[in-house]
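J.: I am attaching a structure below and will ask some questions about it afterwards.
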Amino acid sequence: MSDDIRDNLHVLEPQPDSSILMPVIETRQLGKQYGPRVGIERVDLSVAEGEIFGFLGPNGAGKSTTIRLLLGFLKPTQGDALVFGHDSWKQSHILKREVGYLPGDVRLYPWLTVRRALSFVGAARGADLMDAGLALAERLSLEPDLIARKMSRGMRQKLAIIMVLAHAPRLIILDEPTSGLDPLVQLSLAQELRDRADKGSTVFFSSHTLNEVEQLCDRVAIVREGRIVADETLDDMRKKARRKVTIRFTDGEAVRGLDPPEFLTLIKREGDRWHAELDGEAGRLMQWLAGQSIRDLTIGPPDLETLFHAHYRTSEGTL
């Protein structure tokens, strides 16, 4: 075969598709046992670049164990954990350069200030983090020269967050990050994380509180007793969640014998009012009500709290 033909054939070879991106976090059948006790079992996760991913579950469900496996602090009993395509156990020294991690139980040296912490972390990472860190301190309203032993719990949490975010990590892993923070600071942190996700950083946000996950995250995995019991977008979860509905009819006597449609669960009849729960979206209800005589209608937002609690329940029916 001539060189010209070889060159032409080379042009026709399929090229890699640049639109197919490797997940930032990927686990395959990941498991960890502590002797006879199961920490997590057969956990499969995939988190994309720029995603704000919520990892939700009650205390003791396996959230912190999963995070420690992702960071290479623990060796898995089974399966694999990959971060940026690197094996979390065998190549943890590589992936940690690109990760900012906030543990659930923050411990700080009592002599630390914002400036000292930034100098300390900057030296460890071989970078000047002072300007970026001081800007974060101003955003979170933390005095840069106050020592940790004189800080409140919330102030210490702010300092830890600054240390995590100052080097602009590509992956931000936060374990119960809002503990001790007042509501205004929580809002500031949420906006900071959204801004970073918009610029390409990935956020893995672990919590046992639905409210903060619902307000911030694009997608949520729910872990219970070491296993993933749900993994989907919040929009999809809202479609499954029930809504509280109050219907006021024009004539209470006329609807006394009226039966609700199959997608409406009647909770209470109260004169001319029905108090009920709606499965799915409101369109079907509106069509059904078009054939009824009503005075007023109230439809609440999707009740994600009830849906999440249903996922939290154990086989014995407790949380």
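The values are calculated or read from the model by the stated rules, or taken from the named source; none is laboratory data. Quick caveat, the model's predicted, so the values are computed rather than measured. All Cβ positions, even for glycine, are placed from backbone atoms using ideal geometry, and neighbour counts span all protein chains on display. These area figures cover heavy atoms from the full protein model, side chains too; ligands, DNA and RNA do not enter into them. Shrake-Rupley method; radii C 1.70, N 1.55, O 1.52, S 1.80 Å.
J.: Hey, any hits in the range 160-178 for a residue that's in a strand (DSSP E or B), modelled with pLDDT under 95 and of a type outside the set (Gly, Ala, Ser)?
T.: Residues of the range 160-178 in a strand (DSSP E or B): 171-175.
Adding the requirement that they be modelled with pLDDT under 95 leaves 175.
Right, trim to of a type outside the set (Gly, Ala, Ser) and you get 175.
Checking the range 160-178: at least one residue is in a strand (DSSP E or B), modelled with pLDDT under 95 and of a type outside the set (Gly, Ala, Ser).
J.: Of the residues that make up the range 139-147, is at least one modelled with pLDDT under 95 and farther than 21 Å from residue 187 by Cα?
T.: The answer is no, given that none of the residues of the range 139-147 is modelled with pLDDT under 95 and farther than 21 Å from residue 187 by Cα.
J.: Restricting to the range 245-274, what's the tally of residues that are surrounded by fewer than 15 Cβ atoms within 10 Å (Cβ to Cβ) and touching a Ser or Thr at 6+ places or on another chain (Cβ under 6 Å)?
T.: Final tally of qualifying residues: 1.
J.: Limited to the range 88-107, what total is found for residues that are surrounded by 17 or more Cβ atoms within 10 Å (Cβ to Cβ) and outside any helix (DSSP H, G or I)?
T.: 7
J.: Evaluate the range 224-246: report whether one residue or more is closer than 16 Å to residue 67 by Cβ, in contact with a helix residue (DSSP H, G or I) (Cβ under 7 Å, 6 or more places away or on another chain) and not in a helix (DSSP H, G or I).
T.: Within the range 224-246, none of the residues are closer than 16 Å to residue 67 by Cβ, in contact with a helix residue (DSSP H, G or I) (Cβ under 7 Å, 6 or more places away or on another chain) and not in a helix (DSSP H, G or I).
J.: Answer yes or no as to whether residue 85 is on the phi > 0 side of the Ramachandran plot and open to solvent by 10 Å² or more (accessible area, probe 1.4 Å).
T.: Details: on the phi > 0 side of the Ramachandran plot: yes; open to solvent by 10 Å² or more (accessible area, probe 1.4 Å): yes.
Judged against the criteria, residue 85 is a match.
J.: Still on this structure: Kindly indicate which of 227, 242, 219, 238 is within 30 Å of residue 33 (Cβ to Cβ), among the basic types (Lys, Arg), open to solvent by 70 Å² or more (accessible area, probe 1.4 Å) and touching a residue at least 24 places away in the same chain (Cβ under 8 Å).
T.: Details: 242 fails: within 30 Å of residue 33 (Cβ to Cβ); 219 fails: open to solvent by 70 Å² or more (accessible area, probe 1.4 Å); 238 fails: within 30 Å of residue 33 (Cβ to Cβ).
After applying the criteria, what remains is 227.
J.: Then there is this: State whether one or more residues within the range 47-68 are free of Cβ contacts under 8 Å to residues at least 40 places away in the same chain and touching a strand residue (DSSP E or B) at 6+ places or on another chain (Cβ under 6 Å).
T.: Here is the first cut: in the range 47-68, the residues free of Cβ contacts under 8 Å to residues at least 40 places away in the same chain are 60, 68.
In the following step, the residues that additionally are touching a strand residue (DSSP E or B) at 6+ places or on another chain (Cβ under 6 Å) were identified as none.
Within the range 47-68, not a single residue is free of Cβ contacts under 8 Å to residues at least 40 places away in the same chain and touching a strand residue (DSSP E or B) at 6+ places or on another chain (Cβ under 6 Å).
J.: Here is a further query. Being in contact (Cβ under 8 Å) with a residue 24 or more places away in the chain and assigned to a helix (DSSP H, G or I) is the filter; apply it to the range 179-194 and report the residue that is surrounded by the fewest Cβ atoms within 10 Å (Cβ to Cβ).
T.: Keep residues of the range 179-194 that are in contact (Cβ under 8 Å) with a residue 24 or more places away in the chain, which gives 179-182, 185-186, 188-190, 192-194.
Now restrict to residues that are assigned to a helix (DSSP H, G or I): 185-186, 188-190, 192-194.
Numbers: 185: 20, 186: 17, 188: 18, 189: 22, 190: 18, 192: 16, 193: 21, 194: 13.
Among residues in the range 179-194 that are in contact (Cβ under 8 Å) with a residue 24 or more places away in the chain and assigned to a helix (DSSP H, G or I), the one surrounded by the fewest Cβ atoms within 10 Å (Cβ to Cβ) is 194.
J.: Restrict the check to the range 111-128 and report whether at least one residue is of a type in the set (Val, Ile, Thr), in contact with a helix residue (DSSP H, G or I) (Cβ under 9 Å, 6 or more places away or on another chain) and open to solvent by 30 Å² or more (accessible area, probe 1.4 Å). Let's see the steps before the verdict.
T.: Let us first name the residues in the range 111-128 that are of a type in the set (Val, Ile, Thr), namely 113-114, 121.
From the residues that got through so far, the ones that are in contact with a helix residue (DSSP H, G or I) (Cβ under 9 Å, 6 or more places away or on another chain) too are 113-114, 121.
Subsequent filtering for residues that are open to solvent by 30 Å² or more (accessible area, probe 1.4 Å) retains none.
No.
J.: With the structure loaded, tell me whether residue 259 is outside any strand (DSSP E or B), more than 21 Å from residue 52 (Cα to Cα) and of a type outside the set (Gly, Ala, Ser) or whether it fails that test. Spell out the reasoning first.
T.: Numbers: outside any strand (DSSP E or B): yes; more than 21 Å from residue 52 (Cα to Cα): yes; of a type outside the set (Gly, Ala, Ser): yes.
Judged against the criteria, residue 259 is a match.
J.: Next up: Taking the range 17-61, which residues are more than 17 Å from residue 101 (Cβ to Cβ) and of a type in the set (Gly, Ala, Ser)?
T.: Within the range 17-61, 18, 19, 31, 35, 39, 46, 48, 50, 57, 60, 61 meet the criteria.
J.: Is it true that some residue in the range 44-62 is more than 19 Å from residue 219 (Cα to Cα) and open to solvent by less than 30 Å² (accessible area, probe 1.4 Å)?
T.: No, that holds for no residue.
J.: Please give the number of the condition residue 131 fails out of (1) within 28 Å of residue 83 (Cα to Cα); (2) assigned to a helix (DSSP H, G or I).
T.: The failed condition is (1).
J.: Tell me the residue from 209, 202 that is β-branched (Val, Ile, Thr), at pLDDT below 90 and either out of contact with any helix residue (DSSP H, G or I) (no Cβ under 8 Å at 6 or more places or on another chain) or within 30 Å of residue 167 (Cβ to Cβ) (or both), please. Spell out the reasoning first.
T.: Details: 202 fails: at pLDDT below 90.
That would be 209, the only listed residue that is β-branched (Val, Ile, Thr), at pLDDT below 90 and either out of contact with any helix residue (DSSP H, G or I) (no Cβ under 8 Å at 6 or more places or on another chain) or within 30 Å of residue 167 (Cβ to Cβ) (or both).
J.: Please enumerate the residues belonging to the range 195-216 that are part of a helix (DSSP H, G or I) and crowded, with 16+ Cβ neighbours inside 10 Å.
T.: To start, the set of residues in the range 195-216 that are part of a helix (DSSP H, G or I) comprises 195-198, 210-216.
Hits for the range 195-216 are 196, 197, 210, 212, 213, 214, 216.
J.: Oh, and also: Residue by residue through the range 285-319, note down the ones that are at pLDDT 90 or above and open to solvent by 80 Å² or more (accessible area, probe 1.4 Å).
T.: Answer for the range 285-319, where residues must be at pLDDT 90 or above and open to solvent by 80 Å² or more (accessible area, probe 1.4 Å): 286, 287, 290, 295, 296.
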